[in-house]
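Take a look at the structure set out below.
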Amino acid sequence: MAAPITTAPFVSQVEVRFRHCDPAGIVFYPRYFEMINDFVEEWFDKGMGLPFHALHVERHIGTPMASVTCDFSAPSRWHEKLHQTLSVQRIGGASFKALVRFEGPEGQLRLSATLTIVTVDLRTMKSMPLPADLRERMQHFLATAA
C-alpha cells in the first residue's frame, strides 16, 4: 500500500512596501491583487517547482485567473510583514480552486480570497486539461476535510 500524500498549505511572507499603500498608509485594495498574483507565482516556482517562465515560455501553458472573490477583514500598514498561505480546494479538469489568506503579525486575518485558475494553451488561447505533472504537484497542497 502506498504512503498517503502529505498535504499542507504553501506558506510565505510578504512585506508591505510603500508602493502598496495609499496616502493613509494602508494597503490600497487593488495592490492586494498584485500581491496575490506574486504569491501564486511564488507557489508555482518554490512550492511546486514549476517556474512561470518554464510553464509559459517553454511549455506554452498559461494560468489566467478566471474568478476571484476576496474579503478584506482589516487594514495592513506600511512595513508590516504579512503571513501568506495557499491551499488547493479543488482540482478539476482544466482548472483548480485555491484559498489564499494573508494574516498580520499577530495572526489577525487581513484578507481571504478564493481563486479559480484555468490552464490555457497559449498558442490557441483555449483552455486545456491540467498537465499530469501539475496535477500531481498540486495534490501536496490539497486541503483535506477534517
In a shell of Cβ-Cβ distance under 10 Å around residue 96, excluding residue 96 itself, what net charge do Lys and Arg (+1) and Asp and Glu (-1) give?
-> +3
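When the accessible area of segment 10-140 is computed with all protein chains present and a 1.4 Å probe, what percentage of it is carbon and sulfur? Present the calculation step by step, with values, prior to reporting the outcome.
Working: 3690 of 6940 Å².
It is 53 percent, rounded to a whole number.
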How big is the charge dipole of the chain about its Cα centre, in debye rounded to the nearest 20, if each Lys and Arg gets +1 on its Cβ and each Asp and Glu gets -1 on its Cβ?
-> 220
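Rounded to two decimals, what is the ratio between the C-alpha radius of gyration of the chain and 2.2 N^0.38 Å? Show your work: numbers first, answer last.
Numbers: Rg = 16.1 Å, N = 146, 2.2 N^0.38 = 14.6 Å.
Its radius of gyration relative to the 2.2 N^0.38 Å reference: 1.10.
At 1.4 Å probe radius, can you tell me the per residue accessible area of segment 98-146 in Å²?
Details: 2650 Å² over 49 residues.
Result: 54 Å² per residue.
Using a Förster distance of 22 Å, how high is the FRET efficiency between residue 69 and residue 7, based on the Cβ-Cβ distance and rounded to 0.05? Walk me through the numbers on the way to the answer.
Working: r = 23 Å, r/R0 = 1.03.
Between residue 69 and residue 7 the formula returns 0.45.
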Can you pull the one-decimal nm distance between simple spin-label points at residue 24 and residue 125, each 7 Å off the Cα toward Cβ?
-> 3.8
Could you work out how far helix 29-42 tilts from the main Cα principal axis of the chain, as a 0 to 90 degree angle to the nearest 10?
-> 40
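The values are calculated or read from the model by the stated rules, or taken from the named source; none is laboratory data. Note that the structure is predicted; figures quoted are calculated from it, not measured. Every residue, glycine among them, receives a Cβ derived from its backbone with ideal geometry; neighbour counts consider all protein chains shown. The area values use the complete protein model at the heavy-atom level, side chains included, leaving out ligands, DNA and RNA. Shrake-Rupley method; radii C 1.70, N 1.55, O 1.52, S 1.80 Å.
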